[in-house]
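Since the structure comes first, as structure tokens, the remarks are kept for the end.
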Amino acid sequence: MDAVFAGTGTFIFNNREQIVALAARHSVPTIYAQREAVIAGGLMSYGANIIDAFRQAGAYVGRILKGEKPADLPVIRSTKIELVINLKTARNLGLEVIPAPPLVCR
């Protein structure tokens with residue numbers, strides 16, 4: 001196996017330290033869906049910014065509490081997606097990360 005994508009879900013989130021440790025022990029580059037795994041030592045994550053997603057959910061709840069019917073509200077999706085890379089882990093795996101200016105997609 002050349003790399004692993006650790007998907008989303010409660011199991012992955014709750015066991016991220018063990019998954020990160022296994023990936024490190026076997027020198028397997030692993031990408032995660034949430035930045036918390038990168039903070040725990042994982043290589044990289046690519047996914048929705050959770051803080052922004054919670055902000056959007058709060059706005060949705062506010063609209064419902066003001067009387068809008070949930071069935072009449074549009075489906076929303078995350079608007080902020082982030083790529084997070086742990087440079088120390090990349091270095092330990094022998095990977096070179098070349099800095100680039102941030103990309104802003106609209």
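Number of residues in segment 57-96 that are in a loop (DSSP other than H, G, I, E, B) and either surrounded by 10 or more Cβ atoms within 10 Å (Cβ to Cβ) or basic (Lys, Arg) (or both): the value is 12. Taking the listed residues Pro29, Pro99, the one that is more than 12 Å from the chain's Cα centre (by Cα), in contact (Cβ under 8 Å) with a residue 24 or more places away in the chain and either closer than 17 Å to Ile12 by Cα or surrounded by fewer than 12 Cβ atoms within 10 Å (Cβ to Cβ) (or both) is Pro29, with no other qualifying.
Once segment 1-26 is narrowed to residues that are in contact with a strand residue (DSSP E or B) (Cβ under 8 Å, 6 or more places away or on another chain) and among the β-branched types (Val, Ile, Thr), the residue that is surrounded by the fewest Cβ atoms within 10 Å (Cβ to Cβ) is Thr8.
Take Ile50 and decide whether it is of a type in the set (Val, Ile, Thr), surrounded by 12 or more Cβ atoms within 10 Å (Cβ to Cβ) and touching a Lys or Arg at 6+ places or on another chain (Cβ under 8 Å). Before the answer, list the steps.
On the way: of a type in the set (Val, Ile, Thr): yes; surrounded by 12 or more Cβ atoms within 10 Å (Cβ to Cβ): yes; touching a Lys or Arg at 6+ places or on another chain (Cβ under 8 Å): yes.
When the stated conditions are applied, Ile50 passes them.
Read-outs throughout are calculated quantities, based only on the coordinates presented, and are distinct from any laboratory measurement. The structure displayed is predicted, hence computed values, not measured ones. No Cβ is skipped: glycine too gets one built from the backbone with ideal geometry, and neighbour counts run over all protein chains shown.
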